[in-house]
Amino acid sequence: MNITLYVNSSEKNKIGKTKTAVATLEGSIKGESSIINPVILIEYNNPTAFNYVYIDTFGRYYFVNDVVVIRNNLLRVSLTVDVLESFAAAILAQYVIVDKNTIDFEKYLPDENLLSLVKTKTDIINFPSGLLESGEFILITAGG
């Protein structure tokens, strides 16, 4: 399997991250391994040169959580899957209804950040005979 080390300069919640490849290493799986949160051993001389990893066997991108130096040039790297980048093509291919949009807003979708002018008109009309003696009623009409 190939393990590519990257420097990621994008936010965690972005699809289409800006990353620069630092090195590509070859390795194999020995024993059990998590796909979601793998811990891998790599031979690399600089533990601070990367913060993002791609493992081709798993087909996923990973954030680096922790790097432990075991001995000279041997690192134990704890990873967490980056779901947005790993499944970016499938996510972007989805048909969705957007609740918020920063480019062209849809005025009929509710948005607490979108200011709109709402006028209310309230008329109180007393019924001379009343409705029922047992309670109060609120009559609401819509339209003109």
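Since every read-out is calculated from the coordinates, none of them should be taken as a lab result. The shown structure was predicted, so the numbers you read here are calculated from the model rather than taken from an experiment. Note that each Cβ is placed from the backbone with ideal geometry, even for glycine, and that neighbours are counted across all protein chains shown.
Among the residues of segment 20-55, which ones are surrounded by fewer than 16 Cβ atoms within 10 Å (Cβ to Cβ), within 23 Å of R71 (Cα to Cα) and among the β-branched types (V, I, T)?
Answer for segment 20-55, where residues must be surrounded by fewer than 16 Cβ atoms within 10 Å (Cβ to Cβ), within 23 Å of R71 (Cα to Cα) and among the β-branched types (V, I, T): T24, I29, V39, T48.
Kindly provide the set of residues from segment 60-71 that are more than 19 Å from V7 (Cβ to Cβ) and either surrounded by 13 or more Cβ atoms within 10 Å (Cβ to Cβ) or touching a residue at least 24 places away in the same chain (Cβ under 8 Å) (or both), ordered by number.
I70
If I ask for residues that are over 9 Å from L84 (Cα atoms) and either in contact with a Ser or Thr (Cβ under 6 Å, 6 or more places away or on another chain) or surrounded by 13 or more Cβ atoms within 10 Å (Cβ to Cβ) (or both), which ones from segment 5-19 would you list?
If the condition is that a residue be over 9 Å from L84 (Cα atoms) and either in contact with a Ser or Thr (Cβ under 6 Å, 6 or more places away or on another chain) or surrounded by 13 or more Cβ atoms within 10 Å (Cβ to Cβ) (or both), then L5, Y6, V7, N8, S9, S10, K17, T18, K19 are the ones that fit.
Looking only at residues that are touching a helix residue (DSSP H, G or I) at 6+ places or on another chain (Cβ under 9 Å) and among the β-branched types (V, I, T) in segment 50-99, which one is farthest from E26 (Cα to Cα)?
For segment 50-99, the residue satisfying everything is I91.
If L25 satisfies all but one of (1) in a loop (DSSP other than H, G, I, E, B); (2) in contact (Cβ under 8 Å) with a residue 12 or more places away in the chain; (3) not polar (S, T, N, Q), what's the number of the condition it fails?
All conditions pass for L25, except number (1).
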